[in-house]
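Chemist: This is the structure I have questions about; it appears just below.
The values are calculated or read from the model by the stated rules, or taken from the named source; none is laboratory data. Quick caveat, the model's predicted, so the values are computed rather than measured. Every residue, glycine among them, receives a Cβ derived from its backbone with ideal geometry; neighbour counts consider all protein chains shown.
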Amino acid sequence: MKRVGRYTISLETAPKIAGYASVVGKKEKEGPLGNEFDRSYKDTSLGESSWEKAESRLQKEAVEIALKKACINAKDVDIIFAGDLLNQCISSTFGLRSLNIPFLGQYGACSTMAQTLALAALFVESGTARIAAAVTSSHFCSAERQFRLPLEYGGQRPPTAQWTATASGSVIVVPQTTVIAQEQVKTKSSKETDSLEKTPVITEVCIGKITDMGIKDANNMGAAMAPAAAQTILDYLSDTHTTPSDYDLIVTGDLGYVGSNLLLQLMEQEGVDVSKVHNDCGKMLFDRKKQDVHAGGSGCGCSASVLCSKLLNDIKSGKLNDILFVATGALMSTTSSQQGESIPSIAHLVRLKGI
């Protein structure tokens, strides 16, 4: 590893993503990316007795499917980085406790997928871990109960509000030189097909700084998080001496429609135009015209499920070759909101390439 500029870390061996998976709920399955997900459910409870248990199940199944796709056993994973939106990250701890994998819980709010993925890559790059996993999740009902109002209350949602995704995404990271079982058992016919597929690798990470522009409206997360996304992208471009046109896609998550528009304005004020290569996971997950999601999707599971389906699928197929994944998070709590505090935000960046 070496540091590039002030904030960016270059991973010279570029750890690879050996497996990834996404598990989602009914509303997410009905969105534009429905065919990209590994598994979906038709009800919000997933057959469990509470929404919190349902979210834990989302996360556990995402990890198990990712491991299966990577042909790796849970007992061989050296460490798993996991987090969610609930107090004390209970979706992660209760969901993953039976896997018996060394665990480090994370809290980055909706930025958690980038945070866990960055840490998994850093551990593998440094040799601290041979196999590392990253996972996060969110659930509409569990998040609403904790952060806003009980669903039974039936309160009106303002146009700036976003819909918390019921979803989970998981990634398995290994050294690029690692030959896994699925590569060893390819048949002659499959080699011809697989030769067209690319391997997603992680080449750089940029850890964000806390940004706070004084936004206090918990129903306008996009406005709160857009400055953090802009700051991290600007820091990364400055460190690497690159421009937005050097990348196939700069994808944020989850600014939604309001936050995405603000991001473009903030970047334009700095003389940087990202409009031609920018998209946002909160805009990609749902169909705004057909689904009642107001300003788009949000939650840890939003960017996680989009990354672990559409984005990585497109890298493998060659549709995308070089992307910046910039997950954003609002570092608030129910306590800070009740005390009238503003909403500090963060954005972490992971550069993904197909080789």
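Chemist: Whether any residue in the range 316-325 is modelled with pLDDT under 95, surrounded by 24 or more Cβ atoms within 10 Å (Cβ to Cβ) and among the aliphatic types (A, V, I, L, M) is what I want to check.
Modeler: No: zero hits.
Chemist: While we're here: Touching a Leu at 6+ places or on another chain (Cβ under 8 Å) and closer than 18 Å to G301 by Cα: which single residue out of L86, L96, L58 fits that description?
Modeler: Values: L86 fails: touching a Leu at 6+ places or on another chain (Cβ under 8 Å); L96 fails: touching a Leu at 6+ places or on another chain (Cβ under 8 Å).
None of the other options fit; the residue is L58.
Chemist: Next question, about the same structure. Please specify each residue of the range 85-106 satisfying the condition of being assigned to a loop (DSSP other than H, G, I, E, B), modelled with pLDDT under 95 and in contact with a strand residue (DSSP E or B) (Cβ under 6 Å, 6 or more places away or on another chain).
Modeler: L85
Chemist: Here's something else I'd like to know. All but one of (1) β-branched (V, I, T); (2) surrounded by 18 or more Cβ atoms within 10 Å (Cβ to Cβ); (3) at pLDDT below 95 hold for V124, so report the exception by its number.
Modeler: V124 satisfies all of (1) β-branched (V, I, T); (2) surrounded by 18 or more Cβ atoms within 10 Å (Cβ to Cβ); (3) at pLDDT below 95 except (3).
Chemist: A follow-up question, please. L119: of a type outside the set (F, W, Y), within 23 Å of I346 (Cβ to Cβ) and modelled with pLDDT of 95 or more, yes or no? Walk me through how you get there before you give the answer.
Modeler: On the way: of a type outside the set (F, W, Y): yes; within 23 Å of I346 (Cβ to Cβ): yes; modelled with pLDDT of 95 or more: yes.
Here the answer is yes, as L119 does meet what is asked.
Chemist: Here's a follow-up. Right, E52: touching a Phe, Trp or Tyr at 6+ places or on another chain (Cβ under 9 Å) and not assigned by TED's automatic domain parsing to the domain that holds H241 or not?
Modeler: Criteria met by E52.
Chemist: Considering each residue of the range 16-59, count those that are at pLDDT 95 or above, buried (at least 24 other Cβ atoms within 10 Å of the Cβ) and assigned to a helix (DSSP H, G or I), and give that number.
Modeler: Count: 4.
Chemist: What is the residue count in the range 216-231 for residues that are at pLDDT below 90 and crowded, with 24+ Cβ neighbours inside 10 Å?
Modeler: Selection size over the range 216-231: 1.
Chemist: So for the range 129-142 (the condition being surrounded by fewer than 17 Cβ atoms within 10 Å (Cβ to Cβ), of a type in the set (K, R), free of Cβ contacts under 8 Å to residues at least 12 places away in the same chain and not assigned by TED's automatic domain parsing to the domain that holds I343), does at least one residue qualify?
Modeler: The answer is no, given that none of the residues of the range 129-142 is surrounded by fewer than 17 Cβ atoms within 10 Å (Cβ to Cβ), of a type in the set (K, R), free of Cβ contacts under 8 Å to residues at least 12 places away in the same chain and not assigned by TED's automatic domain parsing to the domain that holds I343.
Chemist: Among the candidates I65, I72, which residue alone is modelled with pLDDT of 95 or more, outside any helix (DSSP H, G or I) and not assigned by TED's automatic domain parsing to the domain that holds T334?
Modeler: Being modelled with pLDDT of 95 or more, outside any helix (DSSP H, G or I) and not assigned by TED's automatic domain parsing to the domain that holds T334 holds for just one of I65, I72, which is I72.
Chemist: Here is a check on your reading of the model: is D280 crowded, with 24+ Cβ neighbours inside 10 Å, among the acidic types (D, E) and closer than 21 Å to S22 by Cβ? Before you say what the answer is, go through the steps one by one.
Modeler: Details: crowded, with 24+ Cβ neighbours inside 10 Å: yes; among the acidic types (D, E): yes; closer than 21 Å to S22 by Cβ: yes.
So D280 passes the test.
Chemist: Applying the selection to the range 97-141, what residues are in contact with a Lys or Arg (Cβ under 8 Å, 6 or more places away or on another chain) and either farther than 17 Å from E61 by Cα or of a type in the set (S, T, Y) (or both)?
Modeler: Passing the criteria: S98, V124, F140.
Chemist: Suppose we filter the range 159-178 for residues that are among the small types (G, A, S) and surrounded by fewer than 24 Cβ atoms within 10 Å (Cβ to Cβ); how many remain?
Modeler: Our first condition is that a residue be among the small types (G, A, S); within the range 159-178, this holds for 161, 165, 167-170.
Filter once more, so that each one left must be surrounded by fewer than 24 Cβ atoms within 10 Å (Cβ to Cβ): 161.
Summing the residues that are among the small types (G, A, S) and surrounded by fewer than 24 Cβ atoms within 10 Å (Cβ to Cβ) in the range 159-178 gives 1.
Chemist: Considering only the range 252-272, state which residues are under 17 Å from the mean Cα position of the chain (by Cα) and free of Cβ contacts under 8 Å to residues at least 40 places away in the same chain. Don't jump to the end; show me each part of the working.
Modeler: Quick first cut of the range 252-272, residues under 17 Å from the mean Cα position of the chain (by Cα) only: 252-256, 259-260.
Answer for the range 252-272, where residues must be under 17 Å from the mean Cα position of the chain (by Cα) and free of Cβ contacts under 8 Å to residues at least 40 places away in the same chain: just S260.
Chemist: Taking L320 as the residue in question, decide whether it is assigned to a strand (DSSP E or B), touching a residue at least 12 places away in the same chain (Cβ under 8 Å) and either of a type in the set (D, E, K, R) or under 24 Å from I355 (Cβ atoms) (or both).
Modeler: no
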